[in-house]
Amino acid sequence: MKRAAVYVRVSTAGQEDEQTIDNQLMELRERIKQDSHLLLPECIYRDDGWTGTLLERPDLDRLRSDAKDKKFDILYFYDRGRIARKFVYQEVVIDELQEGEIECISLHDINGSTPEEQLMGSVMGIFHEYERIKITERMRLGKMRKVRENKKLLGYNPSYGYDYHHRIKGGPDERDGYFSVNKQETEVVQQVFQWVADGVSLRDVIRRLHELGVPPKKQKRMTWTKGPISRMLQNTTYIGEHYYNKTEATITKNPKNPEQRYRRIKKNSRKARPKEEWLMVKVERIIGDDLFEKVQQQLTLNLKFSRRNNKKNEYLLTGLIDCECDKPRTGDPANNGHTYYRCTDRLSRFPMPRECFAGGVNAGVLDAVVWNKVEELVSNPKAVKEQAKRWLKSTNASPAKLKIDEATIQLNKLETEEKRYAKAYGLSYMSERLYKEQMQELLQQRTNLHDNISKAESELGQQPKLSLTQLIEGAQEMLGNLDFTDKKAIIRRLITKVKATQKEAIIWGQIPILATEQVGLYAEHRYCGVAQCWKVYAF
């Protein structure tokens, strides 16, 4: 009797609701019982609602970790598509398990022991990936055809002001999806459009909606933000022209939490499609053409005369500076011509009452003090001397050496690739002709890399030697000629965090200095009067 484990997965919430994962488990338990093995409760691995196009999944990672610890002897799964929807990922996981002497059993694929059977099992894995692509494309084309022919809507999160009635299949009440007007929300939409047409700012719109107790549609938070209102004001659905196929899913380039390891969905952002691919569906209008056009003109004027767009200010510590309440500070120009770092509490909590009343920090003063101190520390002769010695000792500073290192890495990759081809040829996954062609190509690449290494070694021997004095003088001269962009780049590499008040700034960072230094910002003779608050003397 062997210790058994199972892995099950479904990719959508709908499949979770339909309990398809329980159906997989039931069938797997029955097979384990027939094989007279023992299923351990702690060895049931399930990823509910996780796409198979991602390899990083919580329970799949736990399974792979437990396999290395020899917690089970045999793994059962419904089919290879449960392991992954990409053939390469299937092979990575299964090969890793088999190298750890874990037997893999698929209920609906070929489980082979001979090279031929293993090849057929791999072919079935390729069909799982092909099936996913075909299903996705077939559903997309079917929806597009339905919209083109019937001008109906299929599966939608409706705009504020509308309700979506889902498609009903079969029976006497069969119908396609459609929008209907939500009377209560419609009044809010009309009021918002009228406010903006009358010159009310988006910030005041948010405040008024909060005072009226009107929450957003999804009610994830009880107050509106500028984004949803701005999109509402530009949405042509309100004048009866709703567009289908307007956007498409895409991989997030700048995730909110880049350190987050697990993501259920790979493509969780959207981007606009070319306008010629949009399909218009007529819906009941809420806003008249004249009012809509007047709002668009007002939005254009708001953008044109926005203080933020009229004058671009330079903030050296953007994204690095926090308030004493631990919320970020952001750059904000004042009417007196000065710029300040102000706590974002007043923005993040609006229209709710603010909690932090810390005053703004003069950005020009703080930036100058911080840069002068950083320049002083970095250009310290003793510190520069130490860094110069390290630079001269380090061959990584040489462009020729970088070429040699890069070529060496490529050679190691070629060696790994050669072993992979040899293994595939030995298991009869690759024909002799194809194997010879690949090996000949690898040989040519290896020859080119060796030639590049020889040239780089020749360049390395001809490079002039720099003295310590030349390096120190060059570093100090460079610091004196930097523009704002270069200064900001240096600050971002050296400083990790700044916490500032009107009297003091504490800086965290990694600066190569020989002695511990403190950086402080102190203010004297600050007058309480609003008209005189700009008079700050920094020491």
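Laboratory data are not the source of any read-out in this text; all were calculated from the coordinates shown. All figures in this text were calculated on a predicted structure; none of them were measured in a lab. Positions of Cβ are backbone-derived with ideal geometry, glycine not excepted, and every protein chain shown enters the neighbour counts.
List of remarks:
- Alpha-carbon Rg/Rh ratio, for the stretch 176-244, with Rh computed the Kirkwood way: 0.97
- The H on the amide N of Tyr340, modeled in the peptide plane, is under 5 Å from the matching H of Asp332, Ala334, Ala363, each at least 5 residues off or on a different chain.
- Pairs exceeding a 28 Å alpha-carbon distance, out of Lys271/Lys497; Lys253/Lys327; Lys246/Lys294; Lys220/Lys253; Lys86/Lys282: Lys271/Lys497; Lys86/Lys282.
- Label positions at Arg208 and Lys2, each projected 7 Å from the Cα along the C-beta direction, are separated by 7.1 nm.
- Label point distance in nm, Lys217-Asn481, each placed 7 Å from Cα along Cα→Cβ: 5.7 nm
- P(r), alpha carbons of the stretch 3-133 - 5 Å bins starting at zero, rounded %: 2, 11, 21, 25, 23, 13, 4, 1
- Between amide H atoms placed 1.01 Å from N, distances below 5 Å from Arg167 occur with Gly155, Gly177, all of them 5 or more places distant or on a separate chain.
- Amide H contacts under 5 Å for Cys104, placed H, 5+ residues apart: Leu75
- Separation of the Lys267 and Thr114 label points, Cα + 7 Å toward Cβ, nm: 4.2 nm
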